Amino acid sequence: MYLLELPLDSGSASLNHYGYQVEIISTMDGLNTLTKRRESWFGEVAAKRFSQGDLCFALKKNGEIISCLFATLKPVVVPIRPYLEYNLPLDKETVCLIDAFTVPEFRGAHAYSAVFNAFYNYFKGKKFKRIFVFIKPDNIISLKVHQKLGFHRIIMDIKSIRVFGMNKHFIKWTNKAAEEIL
């Protein structure tokens, strides 16, 4: 799992929403049009996120959600292996982007850029300093999209071993720019 960072002091994101409407959702009622298009587990996970105070930034076209991303201010649980997780605490100046999704027919149509711009400007206005996002190393498309948005990788990899019933995490840090590693 890679951890990417984008400082929020690096200018501002475009205010262009490409003709779409952006809405911040904090309850399951707002996700009705999307839960039908997502995997069966999505509704339960989204409900849990809302109960923890996470926000969903939703991009709509004709009243239907076409792209969304969740934001959390709480410690992030990162799956390393199917049976192992790493708990990353966030400081009060950091927001973590989690579970971004764009409806397939709107991929490549600036939908994710539009919802990300709203997310970026919202948290910059609230005086946050940085955005984190976790991306699997094999998700090349997402890595490239986030590289274009200005993210750089700060954790190259998280590995873990289990010794005498205890988990030990090994984190390989980097400050290489994303374009150097794709």
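Only the coordinates and a few stated rules stand behind these numbers; no lab work does. Fair warning: this is a prediction, and the values are worked out from it, not measured in the lab. Neighbour counts run over all protein chains shown; Cβ positions are idealised from the backbone, glycine included.
At-a-glance table
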{"quantity": "Residue-count net charge about E5 - beta-carbon cut-off 11 Å; Lys, Arg +1, Asp, Glu -1", "calculated": "+3"}
{"quantity": "The range 98-147: C-alpha gyration tensor shape, a/c 1.5 cut-off, then a/b vs b/c", "calculated": "oblate"}
{"quantity": "FRET E, pair N139, N62, Förster distance 45 Å, beta-carbon r, rounded to 0.05", "calculated": "0.95"}
{"quantity": "Stretch gain in nm, segment A47-E23, where the contour uses 0.36 nm per residue and the Cα spacing is subtracted", "calculated": "6.9 nm"}
